Amino acid sequence: MVVLIAVGTGVFVFFQVRTDPVKDTVNAGQNLVVDIIVEHEHHPLVNEVVFYNPISRKTAFMDVPPDTGGLLPSLGRVDGIAALYHPEKMRPYLDQLGSWLGTPVPFYLILDTHQLSATVDLLTGIELFISSSLELTQTTPLYLLPSGNNRLDGPKVIQYLLAPREGEDLADRASRYQRLVQAWLRQLGAEKNFLLRPEVFPYLWKNVASNFEDVGMKTFIQVCATADWERTVMQRVLGTDRDVDGKILLFPHYNGTLLKDSIRQILEVLPRKDGSALLPSSVTIEILNGTKQPGLATRTSLLLKSFGYNVVAVRNADNTNQDNTVIVDRKGTQEAARKVADIIQCRKLITSQETTPADADVIITLGKDFDGRYVR
């Protein structure tokens with residue numbers, strides 16, 4: 001009898017003292033950062049770092065392809081981050097990811113394609129918009145996806161994920177992966193009451209691998225139910241492909257400083273409750289090349305797009321012999337323009353109501369003092 005009491009007391013104490021770091025993070029008002037990985041054939045295919053702020057309920061994604069390359073100190077070589085990927089030992093992978101992003105990534109969720117399909121079916125499908133229909137009837141397996149808004153079951157979601165797409169660039173691929181993960185998370189929240197039922201939750205839990213405890217996964221489902229998935233900031237790693245020992249790796253621009261700057265801005269914007277006013281995607285920008293350097297405005301547009309800004313026009317300035325870079329604020333508040341100025345370290349910021357064909361919120365005229373990244 002004494003032994004039974006002791007065992008019973010031990011079990012009771014265990015369940016009472018279990019911690020929930022996810023709940024602790026949310027209750028403290030801190031950003032929740034989770035790396036969501038989808039495997040295919042035992043290799044990471046999708047790698048989306050998801051940010052959530054419990055104060056504003058805003059969300060953001062950073063697409064970090066598994067072939068993102070750099071120096072991996074723990075391995076003593078340059079390689080893609082996938083070289084550190086081991087589902088049973090994720091700390092080196094997460095530590096390296098956090099080092100590149102400039103912020104810790106404490107949590108992860110992993111599903112392989114079979115598990116993703118099973119969870120989608122548990123969720124009674126997810127909503128995805130497909131811009132162009134996909135019909136590949138000469139392949140094995142067949143791929144048939146209609147265009148428009150669709151509610152896809154598990155097998156169709158895997159088709160959406162794996163179907164070969166001729167001419168798809170990295171930006172389109174990242175957007176496709178992000179839309180899929182976003183739809184899955186949104187549906188987790190929509191089905192919260194169903195998923196948290198005692199007879200249902202174990203089925204979801206067995207289909208994910210995570211460093212969450214089961215109580216943490218339940219908290220995460222509740223987070224998904226309260227998060228704002230409609231105004232998610234979507235960003236991706238911008239870089240240059242290079243061949244390293246027969247592998248094509250994506251090396252982030254400017255030795256990774258651009259990636260860290262993008263994350264810094266995400267972390268700055270997330271806690272703000274003022275609607276979409278400070279979301280980069282809500283700010284329109286026109287870029288004028290005031291130099292004789294070809295392609296400077298186009299390259300700068302890629303830089304600003306990596307921060308999530310909406311570049312609506314790129315063209316040459318009337319005067320292509322300008323010494324100084326100038327940023328014009330056409331809204332009169334200067335807040336949005338100042339954030340753009342901070343990205344390129346421009347100190348000449350003026351307010352003007354001048355009319356342009358693009359009718360952008362912010363106009364950047366690049367001068368000779370701009371080196372492609374910063375104003376010197």
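Restricting the first residue to segment 30-45 and requiring it to be outside the structural domain of Gly216 (by TED's automatic domain parsing), which pairs with a second residue that is small (Gly, Ala, Ser) meet a Cβ separation below 6 Å and a spacing of at least six or different chains?
Within 6 Å, no pair qualifies.
For segment 119-172, enumerate the residues that are charged (D, E, K, R) and either touching a His at 6+ places or on another chain (Cβ under 8 Å) or in a helix (DSSP H, G or I) (or both). First the steps, then the outcome.
Within segment 119-172, the subset charged (D, E, K, R) is 121, 127, 135, 151, 153, 156, 165-166, 168-169, 172.
Once the filter is applied, which keeps residues that are charged (D, E, K, R) and either touching a His at 6+ places or on another chain (Cβ under 8 Å) or in a helix (DSSP H, G or I) (or both), segment 119-172 yields Asp121, Lys156, Asp172.
Collect the residues in segment 73-94 that are surrounded by fewer than 18 Cβ atoms within 10 Å (Cβ to Cβ) and either of a type in the set (Asp, Glu) or outside any loop (DSSP other than H, G, I, E, B) (or both), keeping them in residue-number order. Don't jump to the end; show me each part of the working.
Start the filter on segment 73-94 by keeping residues that are surrounded by fewer than 18 Cβ atoms within 10 Å (Cβ to Cβ), which leaves 73-78, 86-89, 91-92.
Matches in segment 73-94: Arg77, Val78, Glu88, Arg91, Pro92.
Among the residues of segment 97-115, write down those that are touching a strand residue (DSSP E or B) at 6+ places or on another chain (Cβ under 6 Å) and in a helix (DSSP H, G or I).
First pass over segment 97-115, keeping only residues touching a strand residue (DSSP E or B) at 6+ places or on another chain (Cβ under 6 Å): 105, 107-113.
Thr113 - this is the single residue of segment 97-115 that is touching a strand residue (DSSP E or B) at 6+ places or on another chain (Cβ under 6 Å) and in a helix (DSSP H, G or I).
Return only the number of the condition from (1) assigned to a loop (DSSP other than H, G, I, E, B); (2) of a type outside the set (Lys, Arg); (3) within 17 Å of the chain's Cα centre (by Cα) that Asn207 does not satisfy.
(3)
Can you tell me which residue among Arg315, Arg347 is of a type in the set (D, E, K, R), surrounded by fewer than 19 Cβ atoms within 10 Å (Cβ to Cβ) and closer than 15 Å to Arg376 by Cβ?
Answer to the selection: Arg347.
Do we find a residue being among the polar types (S, T, N, Q), closer than 18 Å to Val49 by Cβ, out of contact with any Phe, Trp or Tyr (no Cβ under 8 Å at 6 or more places or on another chain) and assigned to a helix (DSSP H, G or I) anywhere in segment 294-306? Spell out the reasoning first.
The initial filter retains those residues of segment 294-306 that are among the polar types (S, T, N, Q), namely 298, 300-301, 306.
So of that shortlist, the ones also closer than 18 Å to Val49 by Cβ come out as 306.
Now restrict to residues that are out of contact with any Phe, Trp or Tyr (no Cβ under 8 Å at 6 or more places or on another chain): 306.
Going one step further and asking which of them are assigned to a helix (DSSP H, G or I), we end up with 306.
So far as segment 294-306 goes, yes, one or more of its residues are among the polar types (S, T, N, Q), closer than 18 Å to Val49 by Cβ, out of contact with any Phe, Trp or Tyr (no Cβ under 8 Å at 6 or more places or on another chain) and assigned to a helix (DSSP H, G or I).
I'm told Gly102 meets every condition in (1) under 20 Å from Gly29 (Cα atoms); (2) surrounded by 17 or more Cβ atoms within 10 Å (Cβ to Cβ); (3) of a type outside the set (Lys, Arg) except one. Can you identify the failing condition by its number?
All conditions pass for Gly102, except number (2).
Mind telling me which of the residues Gln159, Gln178 ends up being in contact (Cβ under 8 Å) with a residue 40 or more places away in the chain and either surrounded by 15 or more Cβ atoms within 10 Å (Cβ to Cβ) or among the polar types (S, T, N, Q) (or both)? Steps first, please.
Working: Gln159 fails: in contact (Cβ under 8 Å) with a residue 40 or more places away in the chain.
Checking each option against the conditions leaves just Gln178.
Of the conditions (1) among the acidic types (Asp, Glu); (2) closer than 25 Å to Gly70 by Cβ; (3) surrounded by 14 or more Cβ atoms within 10 Å (Cβ to Cβ), Asp241 fails just one. Which one is it?
Only one criterion in (1) among the acidic types (Asp, Glu); (2) closer than 25 Å to Gly70 by Cβ; (3) surrounded by 14 or more Cβ atoms within 10 Å (Cβ to Cβ) is unmet by Asp241, namely (3).
In segment 236-292, what count of residues is obtained for those that are aliphatic (A, V, I, L, M) and assigned to a helix (DSSP H, G or I)?
Initially, segment 236-292 is screened for residues aliphatic (A, V, I, L, M), giving 237-238, 244, 248-250, 258-259, 263, 266-267, 269-270, 277-279, 283, 285, 287-288.
Restricting the remaining residues to those that are assigned to a helix (DSSP H, G or I) gives 258-259, 263, 266-267, 269.
The number of residues fulfilling the criteria is 6.
Of (1) touching a helix residue (DSSP H, G or I) at 6+ places or on another chain (Cβ under 7 Å); (2) at pLDDT 95 or above, Arg77 satisfies all except one. Which?
(1)
Inside segment 45-56, can you point out the residues that are more than 17 Å from Gln159 (Cα to Cα) and crowded, with 21+ Cβ neighbours inside 10 Å? Working first, answer last.
Initial filter on segment 45-56 (more than 17 Å from Gln159 (Cα to Cα)): 47-56.
Within segment 45-56, Asn47, Glu48, Val49, Val50, Phe51, Tyr52, Asn53 qualify.
Please indicate, with yes or no, whether at least one residue in segment 216-224 is among the charged types (D, E, K, R) and assigned to a loop (DSSP other than H, G, I, E, B). It would help to see each step written out before you state the result.
Narrowing segment 216-224 to residues among the charged types (D, E, K, R): 218.
From what is left, the residues that are assigned to a loop (DSSP other than H, G, I, E, B) are none.
No, segment 216-224 contains no residue that is among the charged types (D, E, K, R) and assigned to a loop (DSSP other than H, G, I, E, B).
Out of Asn193, Asn289, Asn211, Asn255, I need the residue that is out of contact with any Ser or Thr (no Cβ under 6 Å at 6 or more places or on another chain), buried (at least 21 other Cβ atoms within 10 Å of the Cβ) and either more than 21 Å from Val362 (Cα to Cα) or not basic (Lys, Arg) (or both). Which one? I'd like the intermediate steps shown before the answer.
On the way: Asn193 fails: buried (at least 21 other Cβ atoms within 10 Å of the Cβ); Asn211 fails: buried (at least 21 other Cβ atoms within 10 Å of the Cβ); Asn255 fails: buried (at least 21 other Cβ atoms within 10 Å of the Cβ).
From the options Asn193, Asn289, Asn211, Asn255, the qualifying one is Asn289.
Among the residues that make up segment 187-195, is at least one of them in contact with a strand residue (DSSP E or B) (Cβ under 6 Å, 6 or more places away or on another chain) and not in a helix (DSSP H, G or I)?
Quick first cut of segment 187-195, residues in contact with a strand residue (DSSP E or B) (Cβ under 6 Å, 6 or more places away or on another chain) only: 187.
Then drop every residue that is not not in a helix (DSSP H, G or I), which leaves none.
No, every residue in segment 187-195 fails to be in contact with a strand residue (DSSP E or B) (Cβ under 6 Å, 6 or more places away or on another chain) and not in a helix (DSSP H, G or I).
Here's a check for you: in segment 353-376, which residue that is loosely packed, with under 11 Cβ neighbours inside 10 Å and assigned by TED's automatic domain parsing to the domain that holds Gly290 is nearest to Gln293 (Cα to Cα)?
The qualifying residue nearest to Gln293 (Cα to Cα) is Pro357.
The values are calculated or read from the model by the stated rules, or taken from the named source; none is laboratory data. Everything quoted here is computed from the prediction, not taken from an experiment. Counting neighbours? That spans all protein chains shown, and the Cβs are built from the backbone with ideal geometry, glycine included.
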